[in-house]
Amino acid sequence: MIDGKLSNVNEELRDKGLDEGQIARAKTLFLKKLSEDTHRFYGGKMQTVPKAGVFGFNWFNVWYTPGVSSVSTAIRDNNDMSYELSNRGNYVAVVSDSTRVLGDGNCTPPGGLGVMEGKAFLMKYLGGIDATALTIDSRNEKGEHDPDKIIDFVKMAQPSFGAVNLEDISQPNCYKVLDTLREETEIPVWHDDAQGTACVTLAGLINAVKLADKKMEDVKLVFLGAGASNATIARIVITAGAKPENVIVFDSKGALHSGRKDVQQDPRFYRKWELCQTTNLAKIDTFDQAMKGADALIALSKPGPDVVHPDSIKLMGKKPIVFACANPVPEIYPYAAKEAGAFIVATGRGDFPNQVNNSVGFPGILKGALLTRSKKISDQMAIEAAASLARFAEKRGITPDNIIATMEETEVFPHEAADVAVQSVKEGLARVEMSWDEVYKRTKEDIQYSRGLVAKMMEDGFIKTPDQKMIDTAFDWALKEIKS
C-alpha cells in the first residue's frame, strides 16, 4: 500500500535501531524530502476544474457569451446575486506576503505557494470549500513590507470571494492587516495563524485542563513566544475564562509586563502592549521562575528540539500540560516532555499524539461563515468553534493522548460549521439565517462531494499515484542523513 511507510514510519525507523530522538529527526527529514519530491511529481497540489457540464459545444454559448450577459447584468443590479450565480459564496482567497512561512521566516512571495496551496487543498477536502492561493509582494518603494499594501489588495479582490484567509504575514504587520480588514471589508477576513491557532489551542486546552481535574479560571499559564499566534492565543484564552493575572507571556527579549517600554514605544505592537498591561502583574522576568508551579505551557516560539529544556518542565505543578507547537520541529519532543513529568503533551504535528493543528479549525469555521454570509468572524465565533471542537472530542471520549479531534474525524467539520453559523446569527453578523441542521446538512453534503470527486479522480487515473520507489528513496535518504 502506497501509504504504508507513511503510516508506520515510527516502527520502520525503530526497526532500524534508532532511538526516540533520532526517530523524530529522521521522520522530519523524511517528510520534507518526500514533500519536495511529490510536489515536483504533481507540479503542485491544486488545479481548476469545471463544476458545470459540457453537453456539447453549443453550451459554451450558455456558459460564456452571449448567454452569460444576463448573469453579469443581474449581478450588476444586485451584487448579492453573485453568491447565487457564481462560485463566490463558496470561494476563499488564501492571501499571504510569505514573510513568516512556518518556521522558515521570509520565503519570498513565490516561496509561500506550497503552504498556501496546502491550505486550499485542506479547505477543499476537509470543508468542501473552493480556495485559491494568492501570494503577493507587499514591499513599498523603500523595500519595506507595508501592511497597507496587503489591506488595499484584499479590499480590491474582495468582490471575487466569499471570505479571505490571511496566512503567514509577519508581525507586527499582521495585527494591523487583520484588525483593519475585519472592520473595513464586506466579507469575513480570517487570520488563520492568529485566530485559527487560538481556536484549536483553546479547544485542546479546554479538554486538557478538564482531564487534569482543574478549572480554566484557576490555571497558571506560561506562553513562550509572543508572535501573531501566541499573542492571539493568550488574548482568546483570557477572553474565554483564564485570569490575566495568572498569565505570563515571553517574547524573544523576555517576559511581557508593564515595564516593557520597548513594546510600549512601538505602536505597531499594540496587541503585545495590551498583554504587557494586563498580565504578569508581579513582573516575573525569567522563564524558569515563571514555570515554577505552572499548570500549562503554551509554546509557539522557534523550532526545537531544545528550545524548552526538560528541567523547565520539572518545575511545573501537578499534572503539567505542555503544548509545544513550533513547526516543523516542536520546542521539546513529546517523549522528552513526558520523561520530565508532563501529563499531557501536544504539538502541531500529525505524527505525534494530540495534534493541535489549524486543520481541524478553519475548514469548519470558514464554512459556517460562508453559508451564513457572515460580515466577519468575531472572537466569540472563534471561541464557540473551540468549544464545539472540545465538545465533539469529549463526547466520543478524551484521554491524555487524545484531547482533540483529528482531521480524520469527518463529522467534526459539519458540527463545527453549524455551531459557528448559529453564533454568527446570534451576534447579528449573518446576512443569511440558517438553522443548525441546515448548515450541518449542507456542509456534510459538500464535504462528501469533494471527497468523492478526489476519490473518483484517483480511481480513474486523473490523479496519478506516486511510485513506491519515491517514498522508499526519501526514507532511505533520511535514514542515511541521521546515521552519518
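Within 10 Å of each residue's Cβ, count the other Cβ atoms and sort Ser69, Ser138, Ser35 from fewest upward.
Ser69, Ser35, Ser138
Let me check I have the definition right: for the range 152-254, take the eigenvalues of the Cα gyration tensor, multiply each by 5, take square roots. What are those semi-axes in whole Å, largest first?
Listed largest to smallest, the semi-axes of the range 152-254 are 30, 16, 10 Å.
Please give me the summed charge of the neighbours of Glu438: other residues whose Cβ is under 12 Å from its Cβ, Lys and Arg +1, Asp and Glu -1.
Local charge sum for Glu438: 0.
Add -39500 (n - 2.57) for each DSSP H run of 4 or more in the chain, then divide by its residues: what number comes out at 222 nm, to the nearest 500 deg cm²/dmol?
The per-residue figure over the chain is -14000 deg cm²/dmol.
At 0.36 nm per residue, and after removing the present C-alpha to C-alpha distance, how many nm does the segment from Arg14 to Glu217 gain when stretched out fully?
68.9 nm
Which FRET efficiency value, to the nearest 0.05, is calculated for Gln448 and Asp262 with the Förster distance at 51 angstrom and r the Cβ-Cβ distance?
Given R0 = 51 Å and the Cβ-Cβ separation, E is 0.45.
Grab the beta carbon distance between Asp351 and Tyr42, set R0 = 25 Å, and tell me the FRET efficiency rounded to 0.05.
Result of the calculation: an efficiency of 0.70.
Just grab the label-to-label distance for Gln289 and Asp476, each label 7 Å out from Cα along the Cβ direction, in nm (one decimal).
5.5
Starting at the first residue of the range 317-333, write each ³J(HN,Hα) from the Karplus equation 6.51 cos²θ - 1.76 cosθ + 1.60 with θ = phi - 60°, in whole Hz, x for Gly and Pro.
Result, rounded to whole Hz: x, 5, 6, x, 10, 10, 9, 10, 10, 5, 10, x, 10, x, 4, 8, 5.
Hey, with R₀ at 41 Å, roughly what FRET efficiency would Ser7 and Glu438 work out to, going by the Cβ-Cβ distance, to 0.05?
0.65
Among [x] 20, 42, 25, 12, 1; [y] 23, 61, 16, 0; [z] 22, 57, 19, 1, find the value of P(r) over Cα pairs in 20 Å bins from 0, in percent that was calculated from the structure presented, and write down its label.
Looking at P(r) over Cα pairs in 20 Å bins from 0, in percent for this model, the match is [z].
Starting from the Cα of Phe60, step 7 Å along the direction of its Cβ; do the same at Asn106; then give the gap between the two resulting points in nm.
Using points 7 Å along Cα→Cβ, the separation is 4.5 nm.
Scan the chain and report its longest stretch carrying no chymotrypsin sites (Phe, Trp or Tyr not before Pro) that are both in a DSSP loop and have at most 13 other Cβ atoms within 10 Å.
For chymotrypsin sites (Phe, Trp or Tyr not before Pro) (loop position, at most 13 other Cβ atoms within 10 Å), the longest site-free span of the chain is 65-461.
For the chain, give the magnitude of the charge dipole about the Cα centre (Cβ charges: +1 Lys/Arg, -1 Asp/Glu; no others), in debye to the nearest 20.
I would put it at about 360 debye.
Please rank Asp130, Asp97, fewest neighbouring Cβ atoms within 10 Å first, as an exposure proxy.
Asp130, Asp97
Just rank Cys199, Cys276, Cys325, fewest to most, by other beta-carbon atoms within 10 angstrom.
By the 10 Å Cβ count, ascending, the order reads Cys276, Cys325, Cys199.
What do you get for GluC sites (Glu not before Pro) in the range 146-210 restricted to DSSP loop and a cutoff of at most 15 other Cβ within 10 Å of the site's Cβ?
Answer by residue number: Glu186.
What spacing in nm lies between the two simple spin-label points modelled at Ser69 and Met156, each 7 Å away from Cα in the Cβ direction?
3.0
Could you sort out which of Lys5/Lys32; Lys119/Lys243; Lys119/Lys376; Lys149/Lys376; Lys33/Lys469 sit more than 23 Å apart by Cα distance in this structure?
Over 23 Å apart, Cα to Cα: Lys119/Lys243.
Counting other Cβ atoms within 10 Å of each Cβ, which trypsin sites (Lys or Arg not before Pro) in the range 27-104 have at most 10 and sit in a DSSP loop?
Lys51
Which Rg and Dmax, in Å, describe the Cα atoms of the range 342-459?
Final numbers for Rg and Dmax: 15.1, 46 Å.
Readers should treat all values here as calculations from the given coordinates under stated rules, not as data from a laboratory. The model shown is predicted, which means the values in this text are computed figures rather than measured ones. Neighbour counts are summed over all protein chains in view; Cβ atoms, including those assigned to glycine, are modelled from backbone coordinates with ideal geometry.
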